[in-house]
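Okay, structure first, notes after.
The values are calculated or read from the model by the stated rules, or taken from the named source; none is laboratory data. A quick note: this is a predicted structure, and the numbers were derived from the prediction, not measured. Glycine gets a Cβ as well: all are built from the backbone with ideal geometry, and neighbour counts include every protein chain shown.
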Amino acid sequence: MKKYLVISTALIMIMTMFIGCAKAASPAETDALNLLWWSTIGTDSMFECPYTDIQSLYPFVVFDALVRIDPDGKTVVPSLAKSVEYSSDRKTIAFTLVENAKWHDGTPFTAEDVVFSYNAAIREPASILASPMLSVSGVSDVLEGKAETVSGITADGNKVIFSLDMTDNSLTTAVFAGLKILPKHLLKDVDLTLLSKYEAYWKKPVGTGPYKIDEVSFPNYFTAVLNEDYFGAKPSIPKLAFRSYDTGGVESIAADLIAGRLDYASGNAVNDINSAKNIVAQNPDIKMLIVPGTYQRQFWLNNVGSTDNRYNDDLQKKEVRQAFNLLIDKEAVASFYEGQAIALTTFVNQEFPSYNKSIPLFKRDVNKAREMLIQAGFDFNRPVRLLYYYEDPTSADIMELIKQNFAEAGVKLEPFLATGSVANAQLWEGVQNWDMAYGGSFDADPILIYKELTPDQGVYDGRYGAVQYREEILAKLLNDYKSASSDAEMKAAGDQLQLEALDFCVVIPIYGMNKVVLYNTANLKLDESIFDLDLELCRDYRFETWQLVK
């Protein structure tokens, strides 16, 4: 009898531990849509600012932008702005806002929130949305520290007016549909250069979106419930359950998809077609959608220096950077994602009409690369550090292949994995103790990916240097492209930009990759046409059409 009681007590303890762990991890909920909570900064203590890196649906359900873009890639869908008017020269753009929008705390939404948010996105050092706004009057003054606020963004009653220095064909998709609006009344006293680190707000951010954050359990999960006061079309799914995978990583994500505990996943965490195929093979309810687009993986080359005195300054020689490009077996790297990836010569996929066809397609040449390195006086005894932050097995295999590619020319390449807050500091906060970094980039228009090479790009300036060249050549060509009055002018500027960037070679395009979306057909019904194009930040997800099957 005594032995039985001891065993029973042990069982109870184990069951209690299991129940406790299950609660902390937020198990799949039958009355909710189970989603992925994935963040570049991790999920330890706060949510990620949507002006930085977006890797989950969280910003799209909690916040709204002025407008969204229909899956056709062209049609503008009203959101916080119900209409838009352009002046005859298209240098003045006026948005009329909806009257009935409220923040999740009940505070009325106003035009001042929009003006504040656009200024905040420019001041935040890690913002990916500052550079696309350079055509707006006064943005460059703020970026250069000459002004605190942007003169070209003003509020007039229920309107927000943007004044431009030049016509900009890219603003709608790059900015107006991509930038999420934040509440001025909760953030007005914050140092905007520290916006993304203001924990008092990011512990439970407030938006105007169709869902509001309910329960939060860092670092494990959070839930979001329907915003009954939402001004737009309301979703039918009452609750969202976001689970964090900071601990288990991509393997745990795959396991939960296979087990049916995750209903939808996209982004870097699942953007490996081999892993996706394996998931689908083990759970036929999971459907894989291949989203055609301009997403690509690149090598970013440090042309400035590091903070740990281990920087290989040979990378400041253009010929060395060009030689590194020739060493990469891009076809072999792309083959890791058969059916998904294509080797790139420039930032533009050669199958796109905007590709400069005068540029011969990339061909690896180890002998030529080694000759260039010798002529440039490259020190073969000094290692080159290569940072990568993707945790999937395929990325690790790619790093080994690249290491071998460089070894064939006698270059010592040292790949190393950085994740979570370490990766965030190294890539987006200017620590930069690396010579090369493996990362991704995207824009609905592939020519606009080149904006990362132009000046006033925050962290990018700290990597690429050569500000005068980037201003006088690259930025001018990009501005010519955005302000062109004809397709022929746009093509000419885009073609020349590809040539110049290929020669400068601080970013090496490796392969273009279509994106993967996985969803559980046993639990979720959605319109797959939503993913006809890779619209990413500006996509109209049409959440009002999503339905739970169970």
Open item on the list: Under 6 Å between Cβ atoms, which residue pairs at least 6 apart in sequence (or on different chains) link something in the stretch 97-109 that is closer than 13 Å to Ile181 by Cβ with a partner that is surrounded by 17 or more Cβ atoms within 10 Å (Cβ to Cβ) and among the polar types (S, T, N, Q)?
Closed with: Ala101/Thr208; Trp103/Thr208; Phe109/Thr208
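For every residue, the table says whether it meets (1) at pLDDT below 95; (2) over 15 Å from the mean Cα position of the chain (by Cα); (3) within 24 Å of Gln298 (Cβ to Cβ); (4) not assigned by TED's automatic domain parsing to the domain that holds Tyr337.
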| residue | (1), (2), (3), (4) |
| --- | --- |
| Ile508 | no, yes, yes, no |
| Thr521 | no, yes, no, yes |
| Leu524 | no, yes, no, yes |
| Glu528 | no, yes, no, yes |
| Asp532 | yes, yes, no, yes |
| Leu537 | yes, no, yes, yes |
| Asp540 | no, yes, no, yes |
Open item on the list: Can you pull out every residue in the stretch 198-220 that is without any contact (Cβ under 8 Å) to a residue 24 or more places away in the chain and farther than 19 Å from Trp37 by Cβ?
Closed with: Tyr198, Ala200
TODO: Could you check the stretch 454-526 for helices (runs of 4 or more DSSP H) lying wholly inside it with 3 or more residues that are buried (at least 19 other Cβ atoms within 10 Å of the Cβ) and out of contact with any Cys (no Cβ under 9 Å at 6 or more places or on another chain)?
DONE: 476-483, 487-504
Task: Looking only at the stretch 263-282, and only at residues there that are modelled with pLDDT of 95 or more and under 17 Å from Leu33 (Cβ atoms), the one that is nearest to the chain's Cα centre (by Cα) - done: Ala265
- [ ] Hey, could you check the stretch 386-398 for residues that are surrounded by fewer than 21 Cβ atoms within 10 Å (Cβ to Cβ) and not hydroxyl-bearing (Ser, Thr, Tyr) and say which is farthest from the chain's Cα centre (by Cα)?
- [x] Asp397
Open item on the list: Quick check on my filter: what residues within the stretch 74-99 are part of a loop (DSSP other than H, G, I, E, B) and either crowded, with 16+ Cβ neighbours inside 10 Å or touching a helix residue (DSSP H, G or I) at 6+ places or on another chain (Cβ under 6 Å) (or both)?
Closed with: Ser79, Leu80, Lys91, Val98
TODO: From the list Thr172, Thr167, Thr193, Thr149, pick out the single residue that is within 21 Å of Leu477 (Cα to Cα), out of contact with any Ser or Thr (no Cβ under 9 Å at 6 or more places or on another chain) and β-branched (Val, Ile, Thr).
DONE: Thr172
Open item on the list: Give all pairs with beta carbons closer than 7 Å in which a residue from the stretch 61-89 that is of a type in the set (Phe, Trp, Tyr) meets a residue that is surrounded by 12 or more Cβ atoms within 10 Å (Cβ to Cβ); count only pairs at least 6 apart in sequence or on separate chains.
Closed with: Phe63/Pro50; Phe63/Lys180; Phe63/Ile181; Phe63/Gly207; Phe63/Thr208; Phe63/Gly209; Tyr86/Ile93
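Using the structure shown, decide if Leu195 is aliphatic (A, V, I, L, M) and closer than 14 Å to Pro50 by Cα.
Spelling it out, Leu195 is indeed aliphatic (A, V, I, L, M) and closer than 14 Å to Pro50 by Cα.
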- [ ] Go through the stretch 229-260 residue by residue and tally those that are part of a loop (DSSP other than H, G, I, E, B) and either out of contact with any Lys or Arg (no Cβ under 8 Å at 6 or more places or on another chain) or surrounded by 21 or more Cβ atoms within 10 Å (Cβ to Cβ) (or both).
- [x] 13
